Amino acid sequence: MPPPPWQRHEYDRTMATTFRLGTRGSPLALTQAGMVRDALIAAHGWDDVEIVVVRTTGDRVQDRALAEIGGKALWTKELDRALLAGEVDACVHSMKDVETIRPAEIAIAAILPRADARDRLIGAESIEALPHGAVLGTSSPRRRAQMLRRRPDLKVVLLRGNVDSRLGKLAAGEIDATLLAAAGLERLERHETGVPLPVETTLPAPAQGAVGVETLADGPARALVDVIDCADTHRCIRMERALLAALGATCHSPVAAIATWQGDQIHLAAELLDEDGTAHVGGSTIGPAEDALATALAADLLERAPAVIRQLFGG
């Protein structure tokens, strides 16, 4: 397959181009791809950007937890293949679904400004208001552990699928409540759905609320995508991902973290839990936006964590 025109010639803003964005096909993924398309068109004055839907294993297999069938790679491996094969020029991801260690040939070229990083509780006005023994649907080890830590009486069941299918199961009475990312609900214009849970009491998943764009590390698309990067968000997400790497976290590991700017420094807060939320360790640090900050916090958390937590991480 010959390269697209913008790869065959020195880039010219007046030249007819078709830049190809790979994405999953869920309504939320398509909305996020549209955000990236619009940002690229605005930045470069292009006439259009083509959105190419790539169906992933994670989309096809909905009856098992991701941790049981391959983890976060189930959201990325088909998109990676399309990118490496030259079928698309860049891929759009929810950054919380991207593995910590990525192929050397692929780079995170841009991250859009972060949206609301919080979770929203759907089905009750508060966690305390849930009936005794209520059924909570989630596929997230973090959400399971955090909710059971506060409400050990809850029955947690597997819930996967896109936003509409999850809300449909709630409406049908199959579950009493669920948790969804506020950012995704906002992007789907479900502004009134659910109650936001404060970060102070319910830390989100690392990189939640952030949309990233990957390209080949040494290809011309990287520089084209870099112009839409939000540097402040990118540094925060890099810190959260560096924490995951230092922890040795996997898709089985209940971990929550968020990095925020305080002046010219990064404040990084995190917590580790065991699978049922009975054990917990948390901490925070502040300093320069360098990986060493995340590495130090990870070491501190693992040192203080009980063995039941360490076995789920790098300890």
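The values are calculated or read from the model by the stated rules, or taken from the named source; none is laboratory data. Since we're looking at a predicted model, the values are computed, not measured. Note that each Cβ is placed from the backbone with ideal geometry, even for glycine, and that neighbours are counted across all protein chains shown.
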- Message: One residue is enough: does region 235-251 have a residue meeting the conditions buried (at least 22 other Cβ atoms within 10 Å of the Cβ), in contact with a Pro (Cβ under 6 Å, 6 or more places away or on another chain) and assigned to a helix (DSSP H, G or I)?
- Response: yes
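Look at A217 and say whether it is modelled with pLDDT under 95 and in contact with a strand residue (DSSP E or B) (Cβ under 8 Å, 6 or more places away or on another chain).
no
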- Query: Which of the residues belonging to region 123-168 are closer than 25 Å to R24 by Cβ, basic (K, R) and modelled with pLDDT of 95 or more?
  - Reply: R142, R143, R144
- Would you pick out the residues in region 94-127 that are surrounded by fewer than 18 Cβ atoms within 10 Å (Cβ to Cβ) and either aliphatic (A, V, I, L, M) or free of Cβ contacts under 8 Å to residues at least 12 places away in the same chain (or both)? I101, A104, A124
- Query: Of the conditions (1) among the hydrophobic types (A, V, I, L, M, F, W, C); (2) surrounded by 16 or more Cβ atoms within 10 Å (Cβ to Cβ); (3) under 27 Å from A104 (Cβ atoms), L272 fails just one. Which one is it?
  - Reply: (3)
- Message: So in region 262-296, with the set limited to residues that are touching a helix residue (DSSP H, G or I) at 6+ places or on another chain (Cβ under 6 Å) and assigned to a helix (DSSP H, G or I), which one is farthest from P141 (Cα to Cα)?
- Response: D291
